[in-house]
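Asker: Below you'll find the structure I mean.
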Amino acid sequence: MVRFIRWYGSGPLHLLVLIASFAIAGYAMVRLFAVRPLGVAIWFVGAAILHDLILLPLYSLADLSAHAVLRHRATHMPQPPWINYLRVPTFLSGVLLLVWFPLIFALSAPYPGATRLSIDVYLGRWLAVTAVLFAASAMAFALKLRRIRRVARADEERPAPGHDATS
């Protein structure tokens, strides 16, 4: 087993899950290509171009900007890695925006009849969901920071091994 892990880089369960995910993706691709091969090919190329040439530079720039603006000064207390508490709600909010942008920006006419909702509610709801995502992430970060600082204080107050507290 050690030899396999050294050769592959991870355990056999990882390899099995990877093979299963490629099999499912391959099956989906075969089924989609059978129905609309040109449309799927255009969508795939367009998605690759959109991601690699437009979105990747944008979110890389946003990530670098967040690091530059929110850099913390060194303190005597340990700091948890904070950037993921900003990345996760941003990513989830962005995915929601990407999926629902025609409704959020009132660009879709046929949906009000199908959903029985006014087109005006989607922007407010997306903003509310985004606010909840960021608030939950801020709460999780605050709890993590509190736990880390509590452990650090307890370590500072504990006497060093070999030293008697009375001497």
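The values are calculated or read from the model by the stated rules, or taken from the named source; none is laboratory data. What you are looking at is a predicted structure, and each value in this text was computed from that prediction instead of being measured. Methodologically, a virtual Cβ is constructed for each residue, glycine included, from the backbone with ideal geometry; neighbour enumeration extends over all protein chains shown.
Asker: Can you name the residue in the range 111-166 that is loosely packed, with under 10 Cβ neighbours inside 10 Å, aliphatic (A, V, I, L, M) and part of a helix (DSSP H, G or I) and, of all such residues, is modelled with the lowest pLDDT?
Answerer: 114
Asker: What do you reckon, is residue 106 part of a helix (DSSP H, G or I) and either over 22 Å from the mean Cα position of the chain (by Cα) or more than 30 Å from residue 146 (Cβ to Cβ) (or both)?
Answerer: When the stated conditions are applied, residue 106 does not pass them.
Asker: Out of 30, 45, which single residue is loosely packed, with under 10 Cβ neighbours inside 10 Å, at pLDDT 90 or above and over 22 Å from the mean Cα position of the chain (by Cα)?
Answerer: 30 is the lone residue from the list that is loosely packed, with under 10 Cβ neighbours inside 10 Å, at pLDDT 90 or above and over 22 Å from the mean Cα position of the chain (by Cα).
Asker: Anything in the range 121-145 that is within 15 Å of residue 97 (Cα to Cα) and of a type outside the set (Phe, Trp, Tyr)? List them, or say none.
Answerer: Listed by number, the residues that qualify are 121, 123, 124, 125, 127, 128, 129, 130, 131, 132, 133.
Residue-wise test of (1) touching a residue at least 24 places away in the same chain (Cβ under 8 Å); (2) touching a Phe, Trp or Tyr at 6+ places or on another chain (Cβ under 6 Å); (3) part of a helix (DSSP H, G or I).
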residue	(1), (2), (3)
10	no, no, no
13	no, no, yes
18	no, no, yes
27	no, no, yes
30	no, no, yes
33	no, no, yes
47	no, no, yes
86	yes, no, yes
93	yes, no, yes
